[in-house]
Amino acid sequence: MSPLLAEIIGTAFLIALGDGVVANVVLSKSKGQQSGWIVITMGWAMAVFVGVFCAGQYSGAHLNPAVTLALALKGSFSWSLVPAYIGAQLLGAMLGALLVWLCYKKHFDASDDAAGKLAVFCTSPAIRTPWYNLLTEFIATLVFILAIFFITKPTTGIGSLDALPVALLVLAIGLSLGGPTGYAINPARDLGPRIMHALLPIPGKGSSDWAYAWIPIVGPLAGAIAATVIYNTLMN
């Protein structure tokens, strides 16, 4: 399997299972409705495990533009492949979001909460304070990328053998730092599904909140840059 196809499939798994657990918790008449934050964070951690494990041997399992950027800055990944990887991740995220909508279509139809419908697809802040929200995404992604470097010591990617440690790392971030913004820590994870929320015929879906959309893009990318600078400084 080609690396780009692996990034599409791995990211689609990530979003199908990650956005899927949110749909299960927040949408009306779902069997998992109101099961809470612990279920969401566990579901996302397992989504990361599946996506990384499946794609690792083929592409390095970046599944996240912040990871791709960090590896390129670190000198472990070719800059010429960065645009294609990010494009594949965005496409995979859109595909995963489409699968969630298909699975939960009747529950989207039965739900009246526009904010809950948006939450299935993308993140939003608990308290809307843009610069603090940006800082939260910056810090969470800095911790994520820096910890990945120390946990996996990757050459070209995260890799399938390190799928479980990375999944546990995402679980820890969700439980500890996820409360303010929903811990996007991945621009493709937020942007791809947000685009699908805007495009799909979801009744009563409301706004896709594009005014906020820059924060889960800029924050994670800036956090990835800072983490790489810190790592390179410490290790060189």
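The values are calculated or read from the model by the stated rules, or taken from the named source; none is laboratory data. These numbers come from a predicted model, not from an experiment. For neighbour counting, all protein chains shown are included, and Cβ atoms are generated from backbone atoms with ideal geometry for every residue, glycine included. Ligands, DNA and RNA are excluded from the accessible area calculation, which covers all protein heavy atoms including side chains. Shrake-Rupley method; radii C 1.70, N 1.55, O 1.52, S 1.80 Å.
Applying 0.36 nm per residue to the separation of TRP210 and MET1 and subtracting their alpha-carbon distance, the gain on full extension is 71.8 nm.
For region 1-45, treating each Cα as an identical point scatterer without solvent, what Debye log10 I(q)/I(0) comes out at q = 0.21 1/Å? Debye output, listed in q order: -0.65.
In this rough spin-label picture, where each label sits 7 Å from Cα along the Cβ direction, the THR129-LYS29 distance is 4.0 nm. When the P(r) is computed for region 3-94, the part past 19 Å accounts for 44% of the Cα-Cα pairs.
Springs between Cα atoms under 10 Å define the GNM used for the chain, and in it the highest mean-square fluctuation of LEU221, LEU164, LEU191 occurs at LEU164.
Extents of region 100-236, largest first, come to 54, 34, 24 Å (Cα atoms, principal axes, whole angstrom). Normalised by residue number, the volume inside the convex hull of the Cα atoms of the chain is 106 Å³ per residue.
Inter-label distance, ILE38 to ASN236: 4.5 nm, where each label sits 7 Å from its Cα along the C-beta direction. Straight-line reach from LYS31: which aspartates and glutamates have Cα under 19 Å away, leaving out those fewer than 8 places along the same chain? Hits, sequence-local ones excluded: ASP19, ASP109, ASP112, ASP113. About the centre of its Cα atoms, region 1-150 shows a dipole size close to 140 debye [charges on the beta carbon of Lys, Arg (+1) and Asp, Glu (-1) only; nearest 20 debye].
Nonpolar atom fraction for the chain, defined as the carbon and sulfur part of the 1.4 Å probe accessible area, stands at 71 percent. Taken per residue, the accessible surface of region 113-153 reaches 47 Å², heavy atoms only and a 1.4 Å probe.
Counting every pair of alpha carbons in region 75-141, the share spaced more than 13 Å apart comes to 76 percent. Each 5 Å bin from 0 upward holds the following percent of the Cα-Cα pairs of region 159-217: 4, 16, 19, 19, 17, 13, 8, 3, 0. When TRP37, TRP44 are compared by accessible area at a 1.4 angstrom probe, the order from most to least is TRP37, TRP44.
Surface exposure of region 69-112, expressed per residue as accessible area with a 1.4 Å probe, stands at 48 Å².
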